[in-house]
Amino acid sequence: MAKVDMKIEGMYQEVLKRNPGETEFHQAVLEVLECLGPVVVKHPEYLERKIIERICEPERQIIFRVPWQDDKGIVQINRGFRVEFNSSLGPYKGGLRFHPSVYLGIIKFLGFEQIFKNSLTGLPIGGGKGGSDFDPKGKSDDEVMRFCQSFMTELYRHLGEHTDVPAGDIGVGGREIGYMFGQYKRITNRYEPGVLTGKGLTWGGSLVRTEATGYGATFFVNEMLKARNDSFEGKKCLVSGSGNVAIYTIEKIHQLGGTCIACSDSNGVIYDEKGLDLDLIKQIKEVERRRIEDYTKKHKHAKYIANGNIWDIPCQVAMPSATQNEINGKDAATLVKNGCIAVGEGANMPTTPEGVKIFLDAKIAYGPGKAANAGGVATSALEMQQNASRDSWSFEYTEKKLEDIMINIHRNCFETAEEYGAPGNYVLGANICGFIKVANAMVAHGLI
Ligand code: NDP
Ligand code: 2IT
């Protein structure tokens, strides 16, 4: 056992050496590899076939120039990425992130996580991720359109419903997917809805995809609470961010009887002890594309805390839904001290390793991103199913499917954790359960 763990440690050292400077990727790999010791004892064939080494190396990485002109006619250059990580279970699937912080290490951490997340959904999708260091904030619609068209002019040749199917992530929502879909159609002369997900409802999109990540994460937390004979009823909740995932997390929390008292953006925190007015947040963020600070213009009783730390506010349930490493060890300790009993990650890898350890040691219900936020990509796979059959399902039918998928993911993670002697540890459950299915498919496909 110790000998096997040493081998995995060697594999991790090799990842560090082969991918210098990609700290987020290192963090995501370590979290998975740390769980695999007991797995390779049961499955020595994974070591023989070098499954772990192969899983850590993307099948294909594409990096390209994205030139475009701003409204003043000035030429701008960004960098585009698509990392096609693993296609054992289906076509590469995963979102595109447009944010100035994007570099290869971020896209690789997201693509790596996506492999196991997509496996957990039980649907036929491989793992990939892409994006650009383009910053959509403050850009006009026309600028965003020109950027998306240039981005797709390179990316289109790598996509296809059976090859690689991107969707949204930070900075990429319905507007951006629309511009990219239009350019793909124009270049290829094919109306191929299955090439992107998160499309508009009149041109191949699925009902519930917009809500899916937030709703799914909340369903997951609801299952964790149920497993402890508890519920959202009467719970005070924090949801960081105020984008797509945050908004629909807040909506479902309220539907399930909880009260969300704070959300945020990268400038500050809104604290409304009466419970957040979600219609106003949707108006500010989805319609007007403004800052969350504007909330206090209508609700004078609410507090705006510039540069505030949302995790300092006492709560029972915390759902980080903004970005990676937004909860550090100190924040995790504060949450636990203030009585937080459940954390469900809408964002990808929002808790640092120190924070994760604090949650696990405190034995609170902690749902890691690759399990808790899998509802978004799962509903993307449902969108692909509808596109393939030229069908469109009702809201109720699709939401029920999403809820069933989240209940299943929760059960699989819960049971896997028990099987491997770590009851209640959803990190271990998610990593092992997600990994085994991919590893078995890789063994079956031979050395490729
Ligand atoms: P959006 O772009 O809609 O919203 C992002 C929100 O997070 C904004 O409020 C933004 O604030 C805040 N934020 C982003 N980056 C930072 C940062 N570096 N520091 C502080 N705040 C930040 O993105 P989504 O809601 O789609 O994504 C949120 C998270 O959920 C991400 O981690 C994403 O990977 C994950 N996710 C998304 C899925 C989806 O379907 N969209 C599926 C699964 C996971 P500001 O406007 O100030 O930048
Ligand atoms: O991180 C994620 O799972 C997403 N951004 C959604 C990916 C998708 O293909 O719907």
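The values are calculated or read from the model by the stated rules, or taken from the named source; none is laboratory data. In this text the structure is predicted, and so the values were computed from the model without any measurement. All Cβ positions, glycine included, derive from the backbone under ideal geometry; neighbour counts span all protein chains shown. Only protein heavy atoms, including side chains, enter the accessible area calculation; ligands, DNA and RNA are left aside. Shrake-Rupley method; radii C 1.70, N 1.55, O 1.52, S 1.80 Å.
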Enumeration of residues in the range 261-276 that are on the phi < 0 side of the Ramachandran plot and more than 14 Å from ligand 1 (Cβ to nearest atom):
261, 271, 272, 273, 274
Residues within the range 150-179 that are without any contact (Cβ under 8 Å) to a residue 40 or more places away in the chain and part of a helix (DSSP H, G or I), tallied
9
Please go through the range 383-400 and give me each residue that is farther than 24 Å from residue 239 by Cβ, in contact with a helix residue (DSSP H, G or I) (Cβ under 8 Å, 6 or more places away or on another chain) and part of a helix (DSSP H, G or I), ordered by number.
383, 384, 387, 388
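Residue by residue, here is whether (1) farther than 25 Å from residue 413 by Cβ; (2) among the aliphatic types (A, V, I, L, M); (3) free of Cβ contacts under 8 Å to residues at least 60 places away in the same chain holds:
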{"residue": "67", "(1), (2), (3)": "yes, no, no"}
{"residue": "77", "(1), (2), (3)": "yes, yes, yes"}
{"residue": "81", "(1), (2), (3)": "yes, no, yes"}
{"residue": "108", "(1), (2), (3)": "no, no, no"}
{"residue": "111", "(1), (2), (3)": "no, no, yes"}
{"residue": "115", "(1), (2), (3)": "no, yes, no"}
{"residue": "145", "(1), (2), (3)": "yes, yes, yes"}
Extreme residue, farthest from the chain's Cα centre (by Cα), among residues of the range 89-108 that are open to solvent by less than 20 Å² (accessible area, probe 1.4 Å) and closer than 15 Å to residue 125 by Cα
90
Restricting to the range 255-267, what's the tally of residues that are over 22 Å from the mean Cα position of the chain (by Cα) and of a type in the set (Gly, Ala, Ser)?
2
Just need a number here: residues in the range 314-363 that are under 22 Å from the mean Cα position of the chain (by Cα), of a type in the set (D, E, K, R) and part of a loop (DSSP other than H, G, I, E, B).
2
Can you tell me which residue within the range 24-60, out of those that are in contact (Cβ under 8 Å) with a residue 24 or more places away in the chain and over 22 Å from residue 430 (Cα atoms), is least open to solvent (accessible area, probe 1.4 Å)?
59
Subset of the range 242-300 [open to solvent by 20 Å² or more (accessible area, probe 1.4 Å) and within 16 Å of ligand 2 (Cβ to nearest atom)]:
243, 244, 245
So in the range 183-232, with the set limited to residues that are under 23 Å from the mean Cα position of the chain (by Cα) and aromatic (Phe, Trp, Tyr), which one is farthest from ligand 1 (Cβ to nearest atom)?
232
Hits in the range 211-235 - residues which are in a loop (DSSP other than H, G, I, E, B) and either open to solvent by 50 Å² or more (accessible area, probe 1.4 Å) or under 15 Å from residue 397 (Cα atoms) (or both)
228, 229, 230, 233, 234
Residue tally, condition open to solvent by 30 Å² or more (accessible area, probe 1.4 Å) and part of a helix (DSSP H, G or I), over the range 183-210:
10
Restricting to helices (runs of 4 or more DSSP H) lying wholly in the range 16-67: which have 1 or more residues that are among the acidic types (Asp, Glu)?
23-33, 44-48, 51-55
Restricting attention to the range 121-149, which residues are in a helix (DSSP H, G or I) and either within 13 Å of the chain's Cα centre (by Cα) or within 12 Å of ligand 1 (Cβ to nearest atom) (or both)?
121
Residue 301 meets each of (1) under 24 Å from residue 229 (Cβ atoms); (2) outside any helix (DSSP H, G or I) with one exception, condition (1)
Identify, please: which residue in the range 61-87 is of a type in the set (Lys, Arg) and loosely packed, with under 14 Cβ neighbours inside 10 Å and is, among those, nearest to residue 114 (Cα to Cα)?
65
Go over the candidates 73, 122 one by one and state the one that is out of contact with any strand residue (DSSP E or B) (no Cβ under 6 Å at 6 or more places or on another chain), within 16 Å of ligand 2 (Cβ to nearest atom) and at pLDDT 95 or above.
122
